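For reference, the structure discussed in these notes is given below.
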Amino acid sequence: MRYQHVPKAPVVRQRNPYGPVDITYFEQSLSASQQLLNEASQLIQSLEASPELMDDLMTAAQADDKEEVNEIIESIGIPTDVETTYNPSSVTFKLVADAPHSLHCCTLTIRVQWGN
């Protein structure tokens, strides 16, 4: 069997219409995201360590007492505001961070099942 040599087509580089990349914002957003992960971990660990806190949260949610739900979450003591929503089968925690370059640069949402 015989092979023929086929010359490669020349590589044509297209110009980047956006200019060089700047990772500054990305780096700041990643740092803010890491802080959100740490705070979310603290939130989850605090709830997991306290059956009483879990019961209080579920009871307040079942009564649709949003103020009590927020007070319970705030009592955990993480510095980021946590938006908490719930339904009969789950609770959702939404944490939003700011970075020097942008308000609300990063959002971390955690949905935790608590029923069927």
Matching residues in the stretch 82-100 - criterion: being in contact with a strand residue (DSSP E or B) (Cβ under 9 Å, 6 or more places away or on another chain) and not β-branched (Val, Ile, Thr):
83, 86, 89, 90, 93, 94, 95, 97, 98, 99
Out of all the residues in the stretch 50-84, which are closer than 24 Å to residue 37 by Cα and of a type in the set (Ser, Thr, Tyr)?
50, 75, 80, 84
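How about the stretch 57-103: which of its residues are acidic (Asp, Glu) and touching a Lys or Arg at 6+ places or on another chain (Cβ under 7 Å)? Steps first, answer last, please.
Of all residues in the stretch 57-103, those acidic (Asp, Glu) come to 64-65, 67-68, 71, 74, 81, 83, 98.
Result: 83, single match.
Since every read-out is calculated from the coordinates, none of them should be taken as a lab result. Keep in mind that what you see is a predicted model, and the values were worked out from it rather than measured. So basically every Cβ, Gly included, is an ideal-geometry build from the backbone, and we count neighbours across all protein chains shown.
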